[in-house]
1. Would you mind getting the Kirkwood hydrodynamic radius of region 86-160 from its Cα pairs, rounded to one decimal in Å?
2. After finding the eigenvalues of the alpha carbon gyration tensor for region 8-78, what semi-axes result from the square roots of 5 times each, listed largest first in whole Å?
3. Mean projection of the alpha-carbon convex hull of region 116-185 over all orientations, in nm²?
4. Under 5 Å between amide hydrogens, which residues at least 5 positions from LEU144 or on another chain qualify, with H placed 1.01 Å from N in the peptide plane?
5. Can you give me the Cα centroid spacing of region 323-340 and region 1-68 in angstrom?
6. May I ask you to evaluate 6.51 cos²θ - 1.76 cosθ + 1.60, the Karplus curve with θ = phi - 60°, for each residue of region 5-10 and list the ³J(HN,Hα) values in order in whole Hz, giving x for glycine and proline?
7. Using the Cα centre as the reference, give the magnitude of the dipole from point charges on the C-beta atoms of region 324-412 (Lys, Arg: +1; Asp, Glu: -1; all else neutral), rounded to the nearest 20 debye.
8. Whole-Hz ³J(HN,Hα) for each residue in region 216-233, computed from phi via Karplus 6.51 cos²θ - 1.76 cosθ + 1.60 with θ = phi - 60°, x for glycine and proline: what do you get?
Amino acid sequence: MKVAEDAAPTQPYFTRPDTEQAYYDLKEPQYRGRSFSPWPLAAWAEFSFDGLPIRMGEVVQTMERVLGPGGIYEPLVVTPAVGVRMDPEARILPLDGSALPVRVTIHAQAAAEGTVGLNLPPGWTAQPASAPFHLAAAGDSEPLLFSVTPSSSQAGMSTIQAVAHAAGHTFQSGWQSLGYPGLRPYNLYRSAHLLTRKVDVKLATGLRVGYVMGTGDEVPDAIEALGVMPHLLTASEVGSGDLSAYTTIVVGIRAYSARPELAPSQTRLNEFVRRGGTLIVLYQSADFPSPAPLRLGRFAERVVDEAAPVKILDSGNSLLTSPNLITTKDFDGWLEERGHSFLDSWDPAFTALTETADPGQDPQRGGLVVAHLGKGTFVYCAYALHRQLPELVPGAYRILANLLSAGKNASN
């Protein structure tokens with residue numbers, strides 16, 4: 001059999017434009033209630049036994065040999081001839097006014113060649129204007145780099161769309177196979193576009209940032225966009241590495257639950273703070289060790305209304321004044337929630353900087369607390385920066401920049 005030129009790709013029958021929409025649009029309502037649309041190709045055998053007609057069928061599958069597990073069977077799917085992806089899919093414009101680096105990856109299910117260009121906002125330019133690609137075999141991919149210079153009048157959010165041309169066809173999206181052992185994979189399609197905007201944000205100089213990744217987030221990408229390349233700390237580096245190589249260490253979301261080496265290394269992290277380092281802990285799912293006592297409580301509080309008012313409690317604190325002046329406006333335009341795991345109690349060494357709450361909820365002051373211990377600084381942040389940064393919310397970048405700069409501010 002041969003796939004028709006106009007065959008639709010195998011993809012979910014439901015979709016939504018963004019995470020703010022609380023429901024899915026159904027492209028094929030007849031499949032409501034099913035996990036996914038039916039697989040595109042099945043084989044059936046019909047025969048009779050003792051005069052009884054019998055019909056048996058099976059989804060057509062492909063097999064890939066993988067070292068260890070052996071042959072892996074997966075249902076045959078239909079994809080476009082060429083896929084286009086952009087990574088990352090959102091990034092603020094460089095703070096120094098330099099060109100924006102744009103990375104486009106081409107992938108295909110068979111040999112392909114063609115060109116890739118960018119659809120840009122009016123007045124923007126790209127170097128090169130287009131780039132060729134050559135894929136020799138199925139499964140190959142090729143990264144292509146562009147430098148984009150925005151218009152001097154750029155304001156608000158802008159979109160850069162990658163477009164591939166091959167064999168007389170145009171391609172503007174790519175796919176990723178999602179699944180795990182025991183769950184058949186399914187392709188998720190995304191438009192190949194990059195969102196970008198200019199953000200008024202300043203960052204202290206001379207920062208060296210180490211990042212302890214937890215269950216997974218895109219905060220390191222945001223730090224890189226601010227102009228500092230973070231180093232993702234390995235288990236051995238957390239347990240025995242030279243932490244003095246960093247001015248700032250960030251512990252990612254739920255890292256104390258996901259990284260078993262972290263809690264036993266807390267003494268080293270405490271010493272890092274007392275010797276002058278800055279330790280920033282993003283929201284955690286359970287109580288965790290820290291340089292001074294703090295508790296989440298039995299049921300950690302969260303504030304789910306992304307528009308819940310935020311009150312500034314200590315407007316003169318350096319964490320809110322330098323290098324960016326943080327006001328209530330920096331909490332405008334947030335998405336999905338205010339934050340997770342607000343502290344229930346904390347040592348007097350900590351200063352609570354904000355207050356917020358859902359309607360009917362007790363005021364939550366444990367969302368952003370700071371303590372200066374020894375020569376260093378410890379910060380706990382329950383606010384959902386990890387959700388706002390990929391959406392290019394300006395206030396989230398300004399808050400993150402102040403957190404990263406906290407040690408520099410405290411020493412001034």
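1. In region 86-160 this quantity evaluates to 13.6 Å.
2. That gives 32, 22, 9 Å for the three semi-axes.
3. That works out to 7.3 nm², a quarter of the Cα hull's surface.
4. VAL104, THR105, ILE106
5. Rounded to whole Å, the Cα centres lie 43 Å apart.
6. Karplus-based 3J(HN,Hα) across region 5-10 equals 4, 9, 5, 6, x, 6 Hz.
7. 480 debye
8. 3J(HN,Hα) across region 216-233, in whole Hz: x, 7, 10, 4, x, 5, 5, 5, 4, 5, 6, x, 10, 8, x, 9, 7, 6.
The values are calculated or read from the model by the stated rules, or taken from the named source; none is laboratory data. Predicted model, so just to flag it, every value in this text is computed and none were measured. Here Cβ is always computed from backbone atoms with ideal geometry, including for glycine, and neighbour counts include all displayed protein chains. Surface areas here come from the heavy atoms of the whole protein model, side chains and all, with no ligands, DNA or RNA. Shrake-Rupley method; radii C 1.70, N 1.55, O 1.52, S 1.80 Å.
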